[in-house]
Amino acid sequence: MIEYWNPQVERMPVDELKELQEQKLKELVHYVYQHSPFNKKKFDDAGVKPEDIKKLDDIKKLPFTYKQDLRDTYPTGMFCVPNEQLVRFHVSSGTTGKPTIVGYTKNDIDQWSLSLARALTSIGVGRGDVLQISYGYGLFTGGLGMHYGAEEAGATVLPTSAGNTEKQLELMQDLSTTVLACTPSYMLFMNEAAKQAGISLKDDTKLRIGILGAEPWSEEMRTRIEESSGIKAYDIFGTSELSGPLFTECTYQDGIHIWADQFLVEIIDPETGEPLPDGEQGELVITTLVKEALPLIRYKIGDLTVKTSEPCRCGRTHPRIMRVLGRVDDMLIIRGINVFPGQIESVLMNISEVGEHFMIIVDRVNELDTMKVQIEMTDAAFSDKLNDIMSLEKKVASSLKSVLNLAVEVELVENGSLPRSMGKSKKVIDNRKI
Amino acid sequence: MEDKIIKQISLFSENKSGKLASIASNLKNANVNIRAFTIAEAGDFGIVRMVVDKPDVAHSVLHDAGFTVSETSVLGIEMDDVPGSLSVIADVLGKYNINIDYAYAFVTKSDVALLIVRVDDIKSALKVLSSANINLIDMNNIEAI
């Protein structure tokens, strides 16, 4: 039986959802125009007034919000409420520039938890589950966000945070963890560490679900993780600017449900900014409909994905975005060809001799871009005949070539020699000086 | 006849300085003595192959040290240390269409030399070599060298 957190809202007819969104959008534009001088100026510069937004489609008239806007107004210049109304701050890691600050009112935290409570219910997680949260707690939104959502959903939280894998495994066994929330990289790391300690996640723990996210991962990686750990692995999506982790797939694993009463999702052409119809790949743009402290209008997240408005088999009517293919920022341009690390992961995980870890090294030699993919020799793939190993390298190189249309050098390295990550893993080293 | 099969240790190693030192020191600490040793190198990596007195111990210490390592079945063929010995062996294998994947030889303290070979059909090789009265050594001989 399919369980819902709030069946009335989650199964609301699409037309009614759209009416609800239209109403909320109209309120939102008045709210930000009035409370955020930064947004008011943006509206004015674009020649648009809150009154111009009469129907849902009018959203096209509104200017986009960029991550750079949050940096330019650092720390709290875009907030719509005075600081004393905030109950929390989160701060992004700032790996790609100045960090961004997000503030939350009590209501913002409640809406965030509600979004996750619906998501967790949709994958059958709730009362009776022990949810071990291995996302980092602190300034990062992953740990605390999931924590509040899981408590709201009725699960018992085990707030291990990231790291200290030995302790994580011990507690997982002693407290019968059923659900683990972490990055896909950490799930692999945990599985390896468990094996080394003589523990089988499949047979020696009660683990049945992994909620994995905070970095892109492929469908092929999902299959690997599900098979090696004996769990169902679900993709989770969110970004700190929108609150943090917010949405997951449901048990059908057929796209991530974006709650339409809270968020309005658009897919646009990254070049022209024009909205794209369902099914076409483009850049994800989200408008927050109920946030108070830091509402965002047409926020360009930078992820590339595909949207569908078809109701899901689970009965939920809210739009879904398909597995995020990668970020616009992550795209590598090698000799004029666009390459996503996720494409490489898909190819590699389809070759059974190849292990789960890889590294992409991009360089420029004599004005020519080169790409090398390092993969680890595994016990299963090892042969002491050079020929066998060289044909494995050739097999991987030709599979990559047929998908990427690009010559790739494949280098086998020793098992365990590529970096393991407990958080977001780094899969690309770009040595080009451009 | 199966007891004439020798367990060779094969391991994958990146072609980097210090790798051999690490392999050697692991074997030294486990008191494993190397009888024959060769490296087949192919650019960024190499395959180290060796015949040792205690293959099981060698396998487990190298595996625990993180190496990708396997035990491979090979033959240890005794040769008189005189010209023409290799030709006799190669003739026999060739005549029966047994292909040599790789081979390496070493000279012992006595007057025989040893040829270590990996072949594509080890059972047939055992049969044809012994019918040709060519002597094969076993793990006990290896320990005793």
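The values are calculated or read from the model by the stated rules, or taken from the named source; none is laboratory data. Keep in mind that what you see is a predicted model, and the values were worked out from it rather than measured. Glycine gets a Cβ as well: all are built from the backbone with ideal geometry, and neighbour counts include every protein chain shown.
A residue that is assigned to a helix (DSSP H, G or I), over 30 Å from A:Thr141 (Cβ atoms) and facing chain B (nearest Cβ under 10 Å) occurs somewhere in the range A:391-400. Among the residues making up the range A:416-426, those that are touching a His at 6+ places or on another chain (Cβ under 9 Å) and in contact (Cβ under 8 Å) with a residue 60 or more places away in the chain are A:Leu418, A:Pro419, A:Arg420, A:Ser425. Applying the condition of being charged (D, E, K, R) and at pLDDT below 95 to the range A:311-338 and asking which residue is farthest from the chain's Cα centre (by Cα) yields A:Arg335.
Considering each residue of the range A:346-354 in turn, none proves to be within 14 Å of chain B (Cβ to nearest Cβ), over 30 Å from A:Phe237 (Cβ atoms) and crowded, with 19+ Cβ neighbours inside 10 Å.
The one condition from (1) within 23 Å of A:Leu207 (Cα to Cα); (2) surrounded by fewer than 17 Cβ atoms within 10 Å (Cβ to Cβ); (3) in contact with an Asp or Glu (Cβ under 8 Å, 6 or more places away or on another chain) that A:Asn107 does not meet is (1).
Selection of the range B:81-114 for residues being in a loop (DSSP other than H, G, I, E, B) and either surrounded by 15 or more Cβ atoms within 10 Å (Cβ to Cβ) or away from chain A (no Cβ under 14 Å) (or both) yields B:Asp81, B:Val82, B:Pro83, B:Gly84, B:Tyr96, B:Asn97, B:Ile98, B:Thr108, B:Lys109, B:Ser110, B:Asp111.
For the range B:44-59, a residue qualifies if it is in contact with a strand residue (DSSP E or B) (Cβ under 9 Å, 6 or more places away or on another chain) and in a helix (DSSP H, G or I), and the qualifying residues are B:Pro55, B:Asp56, B:Ala58, B:His59. Report, by residue number, each residue of the range B:35-80 that is hydroxyl-bearing (Ser, Thr, Tyr), closer than 17 Å to B:Val117 by Cα and more than 10 Å from chain A (Cβ to nearest Cβ). Result: B:Thr38, B:Ser73. Just one residue in the set A:Glu249, A:Glu152 is at pLDDT 95 or above, surrounded by 22 or more Cβ atoms within 10 Å (Cβ to Cβ) and among the charged types (D, E, K, R); that residue is A:Glu249. In the condition set (1) over 23 Å from A:Gln343 (Cβ atoms); (2) surrounded by 15 or more Cβ atoms within 10 Å (Cβ to Cβ), A:Asp379 is compliant with all but (2).
Taking A:Lys40 as the residue in question, decide whether it is more than 23 Å from A:Leu264 (Cβ to Cβ) and in contact with a Phe, Trp or Tyr (Cβ under 7 Å, 6 or more places away or on another chain). So A:Lys40 does not fit the description; no.
The criterion of at least 1 residues that are closer than 27 Å to A:His257 by Cα, in contact with a Cys (Cβ under 9 Å, 6 or more places away or on another chain) and of a type outside the set (D, E, K, R) is met, among strands (runs of 3 or more DSSP E) falling completely within the range A:108-223, by A:130-133, A:209-213. Would you confirm whether any residue within the range A:117-125 is surrounded by 15 or more Cβ atoms within 10 Å (Cβ to Cβ) and at positive phi? Within the range A:117-125, one or more residues are surrounded by 15 or more Cβ atoms within 10 Å (Cβ to Cβ) and at positive phi.
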